[in-house]
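Scroll down for the structure; my scribbles are underneath it.
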């Protein structure tokens, strides 16, 4: 017959959280991770947004990303250009500007994901290496692609 060890916690429940909860969880995980792999910088992230505007000030494209200083990486969240501007180099200019900002922030790598109906070839043509793919996601017949580019 086996016995279970005493547990210091009783009546564990799952409850809604808030921003304070998210910060606490993040801090705990970062401290745990730092015990295994020292961080490359301070435990800081910076959101970055760049807008492409026409002569009237209308947003016709843009890119959003997060620079992660403690892991020296940049993650591109979204890159979009108006359909009328596609194929004219504006997406490339936005991407290159983000890459320059990541290099200036001492990032070693830049990451992005895209769907098969979006821009997988766009990133591949610009030196991004495919490192993962989910088939039939976000739906049957489509795929999600994960790319990386070494900035060193």
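The values are calculated or read from the model by the stated rules, or taken from the named source; none is laboratory data. It should be emphasised that the depicted structure is a prediction, and the values quoted were computed from it without experimental measurement. Here the Cβ is made from the backbone with ideal geometry for all residues, glycine too, and neighbour counts use every protein chain on show.
Residues that are in contact with a helix residue (DSSP H, G or I) (Cβ under 9 Å, 6 or more places away or on another chain), in contact (Cβ under 8 Å) with a residue 40 or more places away in the chain and crowded, with 19+ Cβ neighbours inside 10 Å within the range 77-118 comprise 79, 107, 110, listed in sequence order. Selection within the range 119-145: residues that are in contact (Cβ under 8 Å) with a residue 24 or more places away in the chain and touching a strand residue (DSSP E or B) at 6+ places or on another chain (Cβ under 7 Å). The member of this set that is surrounded by the fewest Cβ atoms within 10 Å (Cβ to Cβ) is 142.
Given the structure, is residue 102 within 27 Å of residue 134 (Cβ to Cβ) and out of contact with any strand residue (DSSP E or B) (no Cβ under 9 Å at 6 or more places or on another chain)? When the stated conditions are applied, residue 102 does not pass them.
When we screen 26, 71 for residues that are in a helix (DSSP H, G or I) and within 23 Å of the chain's Cα centre (by Cα), the only hit is 26. Residue 94 passes every criterion in (1) over 30 Å from residue 26 (Cβ atoms); (2) assigned to a helix (DSSP H, G or I) apart from (1).
Residues in the range 74-91 that are on the phi < 0 side of the Ramachandran plot and in a loop (DSSP other than H, G, I, E, B): 82, 86, 88.
The set of residues in the range 74-107 being over 14 Å from residue 61 (Cβ atoms) and more than 14 Å from the chain's Cα centre (by Cα) consists of 100, 101, 103, 104, 105, 106. If the condition is being loosely packed, with under 10 Cβ neighbours inside 10 Å, over 27 Å from residue 90 (Cβ atoms) and modelled with pLDDT of 90 or more, then the range 15-66 contributes 15, 16, 18, 19, 20, 32, 36.
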